[in-house]
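Here is the structure we will look at.
The values are calculated or read from the model by the stated rules, or taken from the named source; none is laboratory data. As the structure is a prediction and not an experimental result, all values here were calculated from the model. Ideal geometry is used to build each Cβ from the backbone, glycine not excepted, and the neighbour counts take in all protein chains shown.
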Amino acid sequence: MDESLLEKREGTIDNDNETTTWVEYWLEGELVHRSAHVQLKRAVVSFGETAEF
Amino acid sequence: MTNSFKVDLFNAVHAFNATGIPAHTVSTADTFKAALYVTTATLTTTTTAYSATNEVSGTGYTAGGVTVTFGTAPSNTTTTAFLTPSASITYTTVTLSTSFDAMLLYNSTQSNKAVAVFTFTAQTVTAGTFSLTMPTNDASTGLLRLA
């Protein structure tokens, strides 16, 4: 494959929940590759409580 | 509630039920897995176990997802116990054409019981890789925390 024919598109999503990057390669108008990488910012947190008596 | 108890919860140390033997009587860790779900799935905190319903499907993806590595034991800093997978969760060379936006972490050793649900912006993958990079394993950013 002549890699010079590939069109690269990439982007980033950054919000309170995640930072995501993605990359796409297009060949003659057809999507031939797409990868995505997600960095989660919000963890799962549970709070333990005890009662007083 | 003591700080050590929170770590013990991650490690299934205590059994309060009087009806039988605790689930964990062996010295090996359970196997945890991560499955991906399409946007029409309804995973919430009420999800109790892994289900193949609305799980993604496509080339290179095995139903049930991938194994998650917990190479670092649960720990605590002051009042918060925390636990984070020690490696990214990665689905390599897959094609997932239907948009997905959720990952279920579950215990495949213990009847596929659910642990946690994580959501993100909907994605597709074409002959590529999808990865979830883990945050720093500490009391403020660890993936699973008991505060």
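Taking strands (runs of 3 or more DSSP E) as the structural unit, those lying wholly within the stretch B:1-118 and holding at least 2 residues that are modelled with pLDDT of 85 or more, surrounded by 13 or more Cβ atoms within 10 Å (Cβ to Cβ) and touching a Ser or Thr at 6+ places or on another chain (Cβ under 9 Å) correspond to B:32-38, B:66-68, B:80-83, B:89-107. When the stretch A:1-47 is limited to residues that are among the aromatic types (Phe, Trp, Tyr) and either out of contact with any Leu (no Cβ under 6 Å at 6 or more places or on another chain) or in contact (Cβ under 8 Å) with a residue 40 or more places away in the chain (or both), the one that is farthest from B:ASP138 (Cα to Cα) turns out to be A:TRP26.
Of all residues in the stretch A:16-41, exactly one satisfies the criterion of being more than 8 Å from chain B (Cβ to nearest Cβ), under 30 Å from B:ARG145 (Cα atoms) and assigned to a loop (DSSP other than H, G, I, E, B), namely A:ASP16.
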